[in-house]
1. Test Asp35 against the stated conditions and say whether it is at negative phi, surrounded by 15 or more Cβ atoms within 10 Å (Cβ to Cβ) and without any contact (Cβ under 8 Å) to a residue 60 or more places away in the chain.
2. Regarding region 192-212, can at least one residue be identified that is under 21 Å from Arg11 (Cα atoms), of a type outside the set (Ser, Thr, Tyr) and surrounded by 16 or more Cβ atoms within 10 Å (Cβ to Cβ)?
3. Does region 14-34 contain at least one residue that is farther than 21 Å from Ile158 by Cβ, charged (D, E, K, R) and touching a strand residue (DSSP E or B) at 6+ places or on another chain (Cβ under 8 Å)?
4. Just give me the residues in region 58-71 being in contact with a helix residue (DSSP H, G or I) (Cβ under 6 Å, 6 or more places away or on another chain) and either over 16 Å from Val4 (Cβ atoms) or without any contact (Cβ under 8 Å) to a residue 24 or more places away in the chain (or both), in sequence order.
5. Give region 204-225 a look and list any residue that's assigned to a helix (DSSP H, G or I) and either in contact with a helix residue (DSSP H, G or I) (Cβ under 9 Å, 6 or more places away or on another chain) or at positive phi (or both), or say none.
6. Take Ala281 and decide whether it is under 16 Å from Ala186 (Cβ atoms) and modelled with pLDDT of 95 or more.
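The values are calculated or read from the model by the stated rules, or taken from the named source; none is laboratory data. Quantities reported herein were computed from a predicted structural model and do not represent experimental measurements. Methodologically, a virtual Cβ is constructed for each residue, glycine included, from the backbone with ideal geometry; neighbour enumeration extends over all protein chains shown.
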Amino acid sequence: MDRVGFIGLGRMGEPMASNLQRKRSGLTVYDTRRDPVDALVALGAQAGNGVAGVTSASDVVITMLPNSAVIEEVVLGAGGVLDAGREGMLVMDMSTVDPETTDRLAVAAGERGMTFVDAPVGRLASHADAGESLFMVGASDADFARVEPLLEAMGTTIYHCGAPGAGTRSKLVNNFLAIASCQMNAEALSLAEGFGLDLEKTLDVIHGTTATNGQLKINYATKVLAGDTEPGFTVDLAHKDLSLVVSAANQAKVPMPMAAAARESLSLARASGYGLKDFSALLDHWCERAGLNKIRFAK
């Protein structure tokens, strides 16, 4: 059985690694912050001595990191995963990064006799907590079979999207729709409030037509409309992902005017101090700009 290492224990990475440790055990972990490492050690995981320490103790190294620059440093940098790795090792990156970064990682791993899988995560932090994440996987058939049991320990829904790089590209398509929907929901409910409409009755109408969407039905209902704007997925991260979408679309010569408009709408929210709030808090931001009261379910 493969020995597994996990690098990056942030809001998504820590619960994913915790579920993996509970269901499989034998994990070696590392993060620049000590608290999440200690939490995993309390579950029985081993604390790795930095990136190289995790790599040397593992046959499969999983990374879950905040952006392209960090993942390139951790995997490609001096003393990183590829430097400390060996032939036959598999590197699985679960971060949301630009496709060119994913492609570079896959090529570099192959040049060292290693294989690479991209498996970015769908759904929310609450799903990661419950072990109900969704994964979009780019991998060879053999590598997919190798990592599938690990993904099953962290989530409930796994899609093999194609060769390396397909997972990352699928994630950008998915996140464009999710984030743009969140922005449109904020504007739509602000408009309903400006019209003086009843929230519950308005939602009944929307959910009864093709206008409904998962962000409104699930995320808004459990987050901002319930008065909870603590981040499951921050406005800052949503802005980062839309920036990746626009950049990747430009590289592919695919026009994305709505993605560009949604990104700049999020730029306004960040400039107004909403960057670290859950992206459903875009509703509060647009109500604030319109001079409206915050919209909440009646208690």
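1. On the way: at negative phi: yes; surrounded by 15 or more Cβ atoms within 10 Å (Cβ to Cβ): no; without any contact (Cβ under 8 Å) to a residue 60 or more places away in the chain: yes.
When the stated conditions are applied, Asp35 does not pass them.
2. Keep residues of region 192-212 that are under 21 Å from Arg11 (Cα atoms), which gives none.
No; the residues of region 192-212 include none that is under 21 Å from Arg11 (Cα atoms), of a type outside the set (Ser, Thr, Tyr) and surrounded by 16 or more Cβ atoms within 10 Å (Cβ to Cβ).
3. For region 14-34, residues farther than 21 Å from Ile158 by Cβ, charged (D, E, K, R) and touching a strand residue (DSSP E or B) at 6+ places or on another chain (Cβ under 8 Å): present.
4. Leu65, Ser68
5. Here is the first cut: in region 204-225, the residues assigned to a helix (DSSP H, G or I) are 204-207, 214-222, 224-225.
Correct list: Ile206, His207, Gly214, Gln215, Leu216, Lys217, Asn219, Tyr220, Ala221, Thr222, Val224, Leu225.
6. Numbers: under 16 Å from Ala186 (Cβ atoms): yes; modelled with pLDDT of 95 or more: yes.
So Ala281 passes the test.
Each row is one residue, and each column tells you yes or no for (1) on the phi > 0 side of the Ramachandran plot; (2) hydrophobic (A, V, I, L, M, F, W, C); (3) crowded, with 18+ Cβ neighbours inside 10 Å.
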| site | (1), (2), (3) |
| --- | --- |
| Leu76 | no, yes, no |
| Gly79 | yes, no, no |
| Gly113 | yes, no, no |
| Ala119 | no, yes, yes |
| Arg146 | no, no, yes |
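Results for (1) on the phi < 0 side of the Ramachandran plot; (2) part of a helix (DSSP H, G or I); (3) without any contact (Cβ under 8 Å) to a residue 60 or more places away in the chain; (4) within 19 Å of the chain's Cα centre (by Cα), shown as yes or no for each residue.
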residue	(1), (2), (3), (4)
Ser243	yes, yes, yes, yes
Ala248	yes, yes, no, yes
Val254	yes, no, yes, no
Ala261	yes, yes, yes, no
Ala269	yes, yes, yes, no
Ser280	yes, yes, no, yes
Glu288	yes, yes, yes, no
